[in-house]
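Presented below is the structure to which this report refers.
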Amino acid sequence: MYDFQKANMWKRISAALCDLIVLGIAAVGLALLLSTALGYDGYTARLEAVSNSYETEYNVDFDISASDYEALTDEQKALYQKAMDAFAADSEANYVYTMIVNYTFMIITFSILIAFLLFEFFVPLLFGNGQTLGKKVFGVAVMREDCVKISPVILFARTVLGKCTVETLLPAYVLVMIYLNLLGIVGTSVLLALLIVQLVLLSTTKARTPLHDKLAHTVTVDYASQMIFDSPEALMEYKQKLHAEKVASEKE
């Protein structure tokens, strides 16, 4: 049919879960390969060794909860703080920590980016009509808002800008920075804002359009019933044909 044929939400959810599993396996596998190539575990072992040396020297335990810290005596707290200051001033610890942070972001970036390029860009190029493995299985497709076939440029923008960068890498970066105590309430606010925007778009737009589709001006449709035109010219030709048929029927 020429009219917009919205894909069933359960099909979309099932396709998304299928793709998420594939992407997750690929990203984790790539992350393990990258961490091995970069010697990531070696840096974490070095940092732990430096940390253990200060714990032994000052007879403290850095890995204690806030409640355990509050239970310490004033003398123990002073000793704990002295050990932390010494550890923080250690050039070896600072260097290794910086390398760990840099490699963490590098591994996250490249593992997720490569996984998205493989399964959300090259696979849809192979199948056509923006179909990933999940969309192919559940009969869902992606097209432009004007019912024209999605181009490689639009598919790339949808994948890299929308799904990879905004919806995946940005939240991943924020979560890592929250874990490393580099962000607090600001990071949480960013995550909540992204979630709210996504929920609003999914609940208020006619096509239940998520953020990545909104950015790329694309929609997800039912592949079996939706007419997807190869070009704007093909769409215009079809419209003219319908108009001619309508005029002809009115004259009869």
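The values are calculated or read from the model by the stated rules, or taken from the named source; none is laboratory data. Computed from a predicted model, the values in this text were never measured in an experiment. Glycine gets a Cβ as well: all are built from the backbone with ideal geometry, and neighbour counts include every protein chain shown. SASA here: full protein model, heavy atoms, side chains in, ligands and nucleic acids out. Shrake-Rupley method; radii C 1.70, N 1.55, O 1.52, S 1.80 Å.
Counted residue by residue at 0.36 nm each, then reduced by the alpha carbon distance between them, the extension gain from ALA172 to GLU92 reaches 26.1 nm. On a per residue basis, segment 15-129 carries 59 Å² of accessible surface, using protein heavy atoms and a 1.4 Å probe. Counted residue by residue at 0.36 nm each, then reduced by the alpha carbon distance between them, the extension gain from SER249 to SER14 reaches 80.3 nm.
Sorting 46-59, 205-218 by average packing, meaning the other beta carbons within 10 Å per residue, from highest down gives 205-218, 46-59.
Take the Cβ-Cβ distance between LYS6 and ASP41 as r, set R0 to 51 Å, and report the resulting FRET efficiency rounded to the nearest 0.05. Working shown, then result.
Working: r = 48 Å, r/R0 = 0.93.
Once the sixth-power term is evaluated, E becomes 0.60.
Could you give the Stokes-Einstein D for the chain in µm² per second, using the C-alpha Kirkwood radius, 10 °C, 1.306 mPa s?
Details: Rh = 22.1 Å.
My calculation gives 72 µm²/s for D.
Each part reduced to its alpha carbon centroid, segment 1-43 and segment 113-187 end up 9 Å apart. Per-residue packing, averaged as other Cβ atoms within 10 Å, sorts the ranges 188-195, 160-167 into the order 160-167, 188-195, beginning with the highest.
With the cut-off at 27 Å, tell me which of the pairs LYS163/LYS206; LYS6/LYS251; LYS11/LYS241 have Cα atoms farther apart than that.
As for pairs spanning more than 27 Å Cα to Cα, those are LYS6/LYS251; LYS11/LYS241.
Taking the Cα of ALA234, stepping 7 Å toward and past its beta carbon, and measuring to each backbone N in segment 110-144: which are under 14 Å? Taking a point 7 Å out along Cα→Cβ of ALA234, the residues of segment 110-144 whose backbone N falls under 14 Å are 128-130, 142-144. Accessible area of THR36 (1.4 Å probe, protein heavy atoms only, ligands and nucleic acids ignored): about 110 Å².
Amide H to amide H, with H built 1.01 Å from N, GLN5 comes under 5 Å of ASP222, counting only residues 5 or more places away or on other chains.
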